[in-house]
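Step one of this worksheet: look at the structure below.
The values are calculated or read from the model by the stated rules, or taken from the named source; none is laboratory data. Treat the numbers as computed from the prediction; the structure is a model and nothing was measured. As a convention, Cβ positions derive from the backbone with ideal geometry for all residues, glycine included, and neighbour counts pool all protein chains shown.
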Amino acid sequence: MVRKNTRLSKLKIYFQTIDGDHDLLNEYNKIFGIQGIYDTQNDVAEELLHKAKVYTNAYNKSLLKNFHDLFPDKNILEKLIIGNYANSSETFKRPMAKYTQDLAKQLGLI
């Protein structure tokens, strides 16, 4: 989870449970070191925060309309904006795609 109003110098991304099972969350974090990995990716999160301010829905629609040859569909534009695969079916094609997708969704980029 990322908070939009967080000062970038204090930006913190954290691993969170969806269903409230904190024991499972802690076990996964212990086994896979997910929070430690997230802590090394603040620059990616910071970039996405900046992009969320620039790439508004209106601006994205304008890009799709005016540069249709470059962006024949929305997925190509979203991939360019977030710097990773935006479609969940492509999550395993590039490292940190799931992390990037989750942040991008929370920020309204995809």
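When the range 57-71 is limited to residues that are touching a helix residue (DSSP H, G or I) at 6+ places or on another chain (Cβ under 8 Å) and part of a helix (DSSP H, G or I), the one that is nearest to L109 (Cα to Cα) turns out to be N60.
Going through (1) over 27 Å from L11 (Cα atoms); (2) under 11 Å from the mean Cα position of the chain (by Cα) one by one, K51 falls short only on (1). Among the residues of the range 5-58, the ones that are among the β-branched types (V, I, T) and under 24 Å from I81 (Cβ atoms) come to 7 in all. Scanning the range 88-110 for residues that are in contact with an Asp or Glu (Cβ under 8 Å, 6 or more places away or on another chain) and over 19 Å from I37 (Cα atoms) turns up L109, I110. Can you find even one residue in the range 72-79 that is in a loop (DSSP other than H, G, I, E, B), within 23 Å of I13 (Cβ to Cβ) and modelled with pLDDT of 95 or more? No, that holds for no residue. For the range 8-36, taking the residues that are more than 12 Å from the chain's Cα centre (by Cα) and surrounded by 15 or more Cβ atoms within 10 Å (Cβ to Cβ), the one that is modelled with the lowest pLDDT is identified as F15. Within the range 89-104, if we keep just the residues that are assigned to a helix (DSSP H, G or I) and among the hydrophobic types (A, V, I, L, M, F, W, C), the residue that is surrounded by the most Cβ atoms within 10 Å (Cβ to Cβ) turns out to be L103. Residues in the range 91-110 that are without any contact (Cβ under 8 Å) to a residue 40 or more places away in the chain and out of contact with any helix residue (DSSP H, G or I) (no Cβ under 7 Å at 6 or more places or on another chain): 6 in all.
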